[in-house]
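A.B. asks: Here it is, the structure in full.
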Amino acid sequence: MAGTPRQAVQEQLGRQLLGPLDDAVALARRYREVDAFRNYVGDRARLVIPALVLIGIVAVACGLAPVMALVGTRPIAALGGLLLAPVMLLGSLFVLALMFFSWLEERALARSLGHRTGPRERPAMRWVRKKLRADLGRLPRVPWLLAAVFLLLPFAMLLSFVPATAVVLAVLLLAAPVVFARFDR
């Protein structure tokens, strides 16, 4: 017997929130247990470390966004911004790291199999591969609900307070996989 629409929405929301956590635990287990994945990441430390530094910088910016938005308003709102900052920092760090390491795992798998995995290449990806000589491979699944809360919302706040910084960080974040793929030989 099917549940009520409300129960269905609750189950879907639960999957949206807890699914990425399950994915992260499984990804960490695979990193620990699969030599090809661990070696792939280790062999590319010169590319992984700068990407992780960028992820950390973006996470700090996302954590500071509610502080900038709410400090200077009412004292209780400022306190809320300060309390929300570590949550936003950790949430954005989680989402970005999950997507990055999922993408690295996919690249390691394609490398060990000797061919690309997943569906056919899309035109935009083909353009990046041909024009920029960067084979991005299959992109990771995006936890859209968490990405909206921990990345898009803080970026919107940053855009309203420090637009130049938000644009630079967004460009760097979007360019990072292309640069990684370009130099991953």
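The values are calculated or read from the model by the stated rules, or taken from the named source; none is laboratory data. What you see is a predicted model; the values in this text were computed from it and never measured. Quick reminder, even Gly has a Cβ in these numbers, built from the backbone with ideal geometry, and neighbours come from all protein chains shown. Only protein heavy atoms, including side chains, enter the accessible area calculation; ligands, DNA and RNA are left aside. Shrake-Rupley method; radii C 1.70, N 1.55, O 1.52, S 1.80 Å.
A.B. asks: So, in segment 125-135, of the ones that are open to solvent by less than 70 Å² (accessible area, probe 1.4 Å) and part of a helix (DSSP H, G or I), which residue ends up modelled with the lowest pLDDT?
C.D. replies: In this case the residue turns out to be MET125.
A.B. asks: Assess whether VAL87 counts as being under 22 Å from the mean Cα position of the chain (by Cα) and open to solvent by 60 Å² or more (accessible area, probe 1.4 Å).
C.D. replies: yes
A.B. asks: Before we move on, is GLY19 of a type outside the set (A, V, I, L, M), modelled with pLDDT under 90, surrounded by fewer than 16 Cβ atoms within 10 Å (Cβ to Cβ) and not in a helix (DSSP H, G or I)?
C.D. replies: no
A.B. asks: In segment 141-155, what residues are surrounded by 15 or more Cβ atoms within 10 Å (Cβ to Cβ) and within 11 Å of the chain's Cα centre (by Cα)?
C.D. replies: VAL142, PRO143, LEU146, ALA147, PHE150, LEU151
A.B. asks: Further question: Would you mind stating whether ARG138 is farther than 23 Å from ALA24 by Cβ, open to solvent by 80 Å² or more (accessible area, probe 1.4 Å), of a type in the set (Lys, Arg) and free of Cβ contacts under 8 Å to residues at least 40 places away in the same chain?
C.D. replies: Values: farther than 23 Å from ALA24 by Cβ: no; open to solvent by 80 Å² or more (accessible area, probe 1.4 Å): yes; of a type in the set (Lys, Arg): yes; free of Cβ contacts under 8 Å to residues at least 40 places away in the same chain: yes.
Criteria not met by ARG138.
A.B. asks: Going by the structure shown, is VAL25 β-branched (Val, Ile, Thr), exposed (fewer than 13 other Cβ atoms within 10 Å of the Cβ) and under 21 Å from VAL87 (Cβ atoms)?
C.D. replies: Working: β-branched (Val, Ile, Thr): yes; exposed (fewer than 13 other Cβ atoms within 10 Å of the Cβ): yes; under 21 Å from VAL87 (Cβ atoms): yes.
Answer is yes for this residue.
A.B. asks: Separate question: Listed residues LEU109, LEU172, LEU158; which is open to solvent by less than 40 Å² (accessible area, probe 1.4 Å), at pLDDT 85 or above and out of contact with any strand residue (DSSP E or B) (no Cβ under 9 Å at 6 or more places or on another chain)?
C.D. replies: Answer to the check: LEU158.
A.B. asks: So which of ALA148, ALA166, ALA108 is under 15 Å from ILE57 (Cα atoms), of a type in the set (Gly, Ala, Ser) and assigned to a helix (DSSP H, G or I)? Before you say what the answer is, go through the steps one by one.
C.D. replies: Working: ALA148 fails: under 15 Å from ILE57 (Cα atoms); ALA108 fails: under 15 Å from ILE57 (Cα atoms).
Just one listed residue meets the conditions, ALA166.
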